[in-house]
Amino acid sequence: MSGASSSTGTVDFVFYFIAGVSVFFLFLITFLMIFFIVKYNKKRHVKAKDIHGNTTLEIIWTVIPTIIVIVMFYLGWRGFEFLRNAPEDSMTINVTARMWSWMFEYENGIQTDTLYVPVETPVKLLLHSQDVIHSFYIPAFRIKEDAVPGLQNHLWFEANEPGDYHVLCAEYCGLRHAYMLTKVKAMPKDSFDSWYADLGSQVEQTAVAAEDTTQGAAVQNTKAGERLLQVKGCIACHSTDGSKMIGPSFKGIFGKETVVIEDGQEKTVKVDEDYIRTSILKPNLQVVKGYNALMPSQEGQITEQELVAIIQYIKGLK
Ligand SMILES: [Cu+2]
């Protein structure tokens, strides 16, 4: 095993093999061209001669390239098979792409915006998209696959060594495509296990029911709300400091009046709990004047408790 992941060595070998063959022929052909230019220069008075067929040569220049191309195909095919088939005992993580961030969801329901994985463990990623085509790419692991709306794609890898590696979107997906940058954090197995258990219990703690109106519940929901804006990718388009991005800022909007476009008609509405709820679940019903209807609906992507926590947090952004 060499390289950052189980696929790094396999992919690199095929790449270097094909690059090596190409470079060899580049030099061979360039050399022959220059050699013939010099050898058959007019000044040397070489007499032209007609050649009619040479069976040995013809066999050689047919068989050798055929073998080279078959070897390339075989190596490519073997690599493809390896990359497509995740081991049975892989740990499964759901990956959601949307404009313009990634979300990772673990088997115990934890959601994060960074991909945490244990080393020396096969990890299978199930790729989904909420809006347009994105492409999940970890250069160091030599893996890349499209995330297509309405379709589930997959990828797998096994990290060899602890460390941080880049995750990119490799399919141009709009204005902030370049911001779809995150990390895969490969951790030693025991650190991963304690992280997994810790965050798992934190997530359970944040699940405070909407009916709970005590001060403690409000504080907890506000904290959870801040984390959720990060994880759910809201802050890729909405700022919390008043600056204008793809969507309106959350700062100080609660309780204010805002002008929206609904069915092509301008309307003034009050930003209250219902308005925020509708804007998250049906974002394109009422679009704030001056912005485009770009946000994907979060229906089915967000729980009632998460909604309550986000609303609580936005309320507090004075
Ligand atoms: Cu993208």
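Among the conditions (1) surrounded by 15 or more Cβ atoms within 10 Å (Cβ to Cβ); (2) over 12 Å from Leu115 (Cβ atoms); (3) of a type outside the set (D, E, K, R), Thr182 misses just one, which is (2).
Sub-6 Å Cβ pairs linking a first residue in region 158-170 that is of a type in the set (Ser, Thr, Tyr) to a second residue that is crowded, with 20+ Cβ neighbours inside 10 Å and part of a strand (DSSP E or B), at least 6 apart or interchain, are Tyr165/Ile138; Tyr165/Val184, ordered by first then second residue. When Glu171, Glu161 are checked against the criterion of being open to solvent by 50 Å² or more (accessible area, probe 1.4 Å), at pLDDT 90 or above, of a type in the set (D, E, K, R) and within 11 Å of the ligand (Cβ to nearest atom), Glu171 stands alone in meeting it. Picking from residues in region 171-196 that are in contact with a His (Cβ under 8 Å, 6 or more places away or on another chain) and in a loop (DSSP other than H, G, I, E, B), the one that is farthest from Ala236 (Cα to Cα) is Glu171.
Would you please name the residue that is nearest to Glu299 (Cα to Cα), looking only at residues in region 128-156 that are aliphatic (A, V, I, L, M) and within 10 Å of the ligand (Cβ to nearest atom)?
We begin by selecting, within region 128-156, every residue aliphatic (A, V, I, L, M); these are 132-133, 138, 140, 143, 147-148, 151, 155.
Of the ones still in play, those that are also within 10 Å of the ligand (Cβ to nearest atom) are 132-133, 147.
Working: Val132: 17, Ile133: 19, Ala147: 19 Å.
That would be Val132.
Cβ separations smaller than 6 Å between residues 6+ apart or across chains give the following pairs from region 133-155 residues that are in contact (Cβ under 8 Å) with a residue 12 or more places away in the chain and open to solvent by 30 Å² or more (accessible area, probe 1.4 Å) to residues that are not in a strand (DSSP E or B) and not aliphatic (A, V, I, L, M): Ile133/Glu171; Arg142/Ser7; Arg142/Thr8.
The values are calculated or read from the model by the stated rules, or taken from the named source; none is laboratory data. All figures in this text were calculated on a predicted structure; none of them were measured in a lab. Reconstructed Cβ throughout: ideal geometry from the backbone, glycine too, with neighbour counts over all protein chains shown. The area values use the complete protein model at the heavy-atom level, side chains included, leaving out ligands, DNA and RNA. Shrake-Rupley method; radii C 1.70, N 1.55, O 1.52, S 1.80 Å.
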